[in-house]
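Undergrad: What follows is a structure written as structure tokens; I'll ask about it next.
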Amino acid sequence: MEVTQTGGPIAADVTVQGPSAAGAIRHVLVADASAEGVARAREALAGLDVDAVATPPAAFERLTGAAFDLLLLDPALGEDDDGALALVHRARTVAPDTVVVIWSVKPTVEFTVRAMRSGALDVLHKEAAIPEIRSVVDRAIQHGALAREVRRLRGEVERARGLGEVIGESALMRQLLQMIERVAASDATVLIVGESGTGKELLARTIHRIGPRAEGPFVAFDCSALAPSLLEAELFGHEKGAFTGAMRARRGLFREASGGTIFLDEIGDIDASVQNKLLRVLQEREIKPVGGDRPVQIDVRVVAATNKDLKALVARGQFREDLYWRLAVVPIQVPPLRERKEDIPLLAAHILARRRGAAKSFAGNEARYPTQITAKALSRLMSYRWPGNIRELENVLSRAAILCDGEMIRSHDLAMIGLDAGKPGGASSDDEVDRVDVPPIDLERLGDGESLKDVTERAVRAVERAAIAAALKRDRNPAAAAKRLGISRASIYTKMKTYGLDSDGEAAES
């Protein structure tokens, strides 16, 4: 089946005549007070299962109690245009899987536009030819079937993904993931606390994605990014002319997130004046735009995050205690990477695989982008304290993957980009290849005909020679040393000749 996008809804080049491909009869509900209208609908929809009601209450009762593929609605039941649009909106709320098509005696262009904006898929003229009526209804039913199939497949994908983007199998992470699954099913306000780089926004997005508001928007905002005067307008919106430069009204992020989730990062940095207003938002579920006279009701879930100790800020009078308790309905503590080092191998594999995918889509050169890491390199990663947490790990692996010479990241690649496992909190390696020092720079030669480029190239050559010599001394075999270093056999023999090394890593005899 070929699906095409036209100027309006999705259309397909097949029609649903009577039973569907699966053998099911399509059900249509006609809401029309006139006997003539019902009779014409039954004539046009021959072969479909057609029910008819004459009042809005009866229509909503039927929609609630049974599954219909399509509602054919006479707007006259709403008495005027606004009433008709209200009926469309309520029908879409009561039965979101049922497609609504307006069925009118005199549909105007203005009403048609408003009806489709309210959720109707199409608008039909009652006096249209029977084939045209049937064609529109068939396309609408097919559209509904496609939309339901997309939702079904999306649901399967989401269930399969689950918490797949949150990586970790340590005891701490298993506890965290269990809490997230429970919290996501509710609509409670959540406060995520953890050091910078621990993945707080990813957790917030996961709570949104697997929760009841997944179909709504996810709006993220860094509360430390703006001054207090601008922060209020950004969050709650403002009216035209509310302050200098307000050339037009703005809805604000809370209204942009309506029906979904707003993520307030760095919540500990908001000014006291904004804290007062945010407390009211959480208490009353309404906002008041800057320069506005009337409050506006909101329907949004709030997830906040901070790397600060909010209780300590409360004790110092820098954060409102009542706001803290409104935010921390469900507090979630994210462990730092140094407390769950057993997750580093999983995280490293995930980061490298994702970076390879990005390299493929960007430049098509993913073939040279490494996705593996040696045991020695992994040991170096796990012996480091990671003050920058997962963000720092990602940065280190990205640099190592770009600069390494081979198909996998090795310990000396990490050493060359500055990851020193021997620093406080780490553990030194007993592998000679992992202890390649940068030779000292001859300061007397600087500025005496030698440029910075010359110094750099000389240092690189010295480090490369030292690394090859160390590998050869360890393995006593050029092929094994080449494999350890991630270079070809031809390359190591060429470099051995260039640097005057024998197969034991010693200076070759001339």
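Undergrad: Roughly what would the spin-label model give for ALA227 and ALA129, points 7 Å off Cα along C-beta, in nm?
TA: 6.7 nm
Undergrad: Okay, moving on. Determine, from the Cβ-Cβ distance of THR494 and LYS308 and an R0 of 56 Å, the FRET efficiency 1/(1 + (r/R0)^6), rounded to the nearest 0.05. Don't jump to the answer; show the numbers that get you there.
TA: Working: r = 55 Å, r/R0 = 0.98.
In this case the efficiency is close to 0.55.
Undergrad: For TRP325 and THR244 in the same chain, what is the full-extension length gain: residue separation times 0.36 nm, less their Cα-Cα distance, in nm?
TA: Details: separation 81, 0.36 × 81 = 29.16 nm, distance 3.53 nm.
That works out to 25.6 nm of additional length.
Undergrad: Could you give the length gained by full extension between THR64 and LYS341, i.e. 0.36 nm per residue of separation minus their alpha carbon distance, to one decimal place?
TA: Stretched fully, the THR64-LYS341 segment lengthens by 94.5 nm.
Undergrad: Where does each of LEU146, LEU124 land when they are ranked from fewest to most other beta-carbon atoms within 10 angstrom?
TA: Working: LEU146 16, LEU124 21.
Going from sparsest to densest Cβ surroundings: LEU146, LEU124.
Undergrad: Taking other Cβ within 10 Å of each residue's Cβ, how do ARG248, ARG458 sort, fewest first?
TA: Working: ARG248 8, ARG458 15.
Listed from fewest to most nearby Cβ atoms, that is ARG248, ARG458.
Undergrad: For SER186, project a label point 7 Å along Cα to C-beta. Then give me every residue of region 287-313 with its amide nitrogen under 17 Å of that point.
TA: 300-305
Undergrad: Among 227-235, 189-197, what's the highest-first ranking by average C-beta atoms within 10 angstrom per residue?
TA: Numbers: 227-235: 16.9, 189-197: 20.0.
Packing proxy ranking, top to bottom: 189-197, 227-235.
Undergrad: With a 10 Å Cβ neighbour count serving as the proxy for reagent exposure, in which order, fewest first, do PHE236, PHE68, PHE111 appear? It would help to have the intermediate numbers written out before the result.
TA: Values: PHE236 26, PHE68 22, PHE111 17.
Final ranking by Cβ density, sparse to dense: PHE111, PHE68, PHE236.
Values in this text are rule-based calculations from the coordinates and carry no lab data. Being a predicted model, the structure only gives us computed values, none of them experimental. For neighbour counting, all protein chains shown are included, and Cβ atoms are generated from backbone atoms with ideal geometry for every residue, glycine included.
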